[in-house]
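Nothing in this text is a laboratory measurement; each read-out follows from the coordinates by a stated rule. Quick caveat: nothing in here was measured; it's all calculated off a predicted structure. All Cβ positions, even for glycine, are placed from backbone atoms using ideal geometry, and neighbour counts span all protein chains on display.
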Amino acid sequence: MFILLVFNILGFMLAAETFAAVGAVSTATGGSGRGAVEPVDGILLNPATISDLPSQNFSYNYSENHWALTVTDNGEDVYLPAAFKFVKTKNSLLDSQQLGLSLASRRWKKIAFGGTASMIEYTNYLSNTAEQKLRQTTLDLAATYSLAQNLGLGLVANKVSSSPVDLADNLMLISPIQKTTAVGLSYTYQNFARLRFDIESAPENKTDKLVYMLGLENYLNDWVVFRLGYQNNNVVSKNYFSSGLGFAGPQFGLHYAYISNTADKSEDQHLFDLAVPF
């Protein structure tokens, strides 16, 4: 019992240890973006946005303990917009690798639907042996709704279905995919600025403690974007501030983000994204 209690305490501390980074673009805007059409890391937040992406795109997202590779295809000859992703996250107690396939419907009037089927491999360092590898399949569902040409709404339900896996609840909290529901709003003002605001539930879809994410993108010109963000994470009782700069050229894009918890500088992170349309 004592050992189990210690493991649960360690699991909670590590789940609350750092900002759940996805990519530099979303991180620079406080983790928001479920209602925004963003080819760089948007499909990692909401697969339904694939239906609005221009043609094909390749993205690579990197931070110290997390990296992701995505390829999307929304060409004219594609029956269903699709994306492939590989995400790897490291943690002192649990590593995970996610291989996922996302599909989205063509936009029907103002609505588009999407989903991601994933296979996740966990490496558990808390098992009785040196390490333990476990596998799990999951399903995420999502939708977007175009309220106006410059106003979009996104809804995402993560892990609505999953296969059973012999992994302690405290370790599931550390995993990169939690059972949560989130809604996001995106508003673009005259191709000059974009406001992003997301709300996400606590793990297991609890609503007693919510996560609020706010981001602002300022388009300095056709290619350069400046970003600011803030996240009020009531699940772990922490506040994060973020900023970033992006170059979105016609041949490739480079994006940088810095996230900071002013109360604990050990959580500061630097993130980099590379995006190549083709």
message: Quick check on packing: order 24-30, 106-112, 250-256, 95-101 by the mean number of other C-beta atoms within 10 Å, highest mean leading.
response: 24-30, 95-101, 250-256, 106-112
statement: Expected unfolding gain across Asn205-Thr137 under the 0.36 nm per residue rule, minus the alpha-carbon gap, is 22.6 nm
- request: Name the residue farthest towards the positive end of the dipole of the chain from the options Pro164, Tyr219, Val78, assuming +1 on Cβ of Lys and Arg, -1 on Cβ of Asp and Glu, about the Cα centre.
  value: Val78
Tilt relative to the chain, helix 2-15 - C-alpha long axis, 0 to 90 degrees, to 10: 20
- prompt: Mind checking the dipole of the chain: about its Cα centre, +1 per Lys or Arg Cβ, -1 per Asp or Glu Cβ, Debye to the nearest 20?
  reply: 480
query: Can you tell which of Lys179, Lys265, Lys206 shows the greatest fluctuation in a Gaussian network model of the chain with Cα springs below 10 Å?
result: Lys265
task: Could you tell me what % of all Cα pairs in the chain have separations over 30 Å?
output: 25
- prompt: What FRET efficiency, computed as 1/(1 + (r/R0)^6) with R0 = 22 Å and r the Cβ-Cβ distance, is obtained for Trp223 and Ala193, rounded to the nearest 0.05?
  reply: 0.90
statement: For the range 78-87, Karplus-derived ³J(HN,Hα) couplings (6.51, -1.76, 1.60; θ = phi - 60°; whole Hz; x for glycine and proline) come out as 7, 5, 10, x, 9, 8, 10, 9, 10, 10
- line: Relative contact order in percent for the range 62-121 (Cα pairs under 8 Å, 6+ apart) equals 26
task: Find the relative contact order for the chain and round it to a whole percent, using C-alpha pairs within less than 8 Å whose residues are 6+ positions apart.
output: 20
Pair Val276, Val183: separation of 7 Å Cα→Cβ label points (nm): 4.0
message: So for the range 238-278, averaging the separation of alpha carbon pairs under 8 Å that are six or more residues apart and normalising by length, what relative contact order in percent results?
response: 38
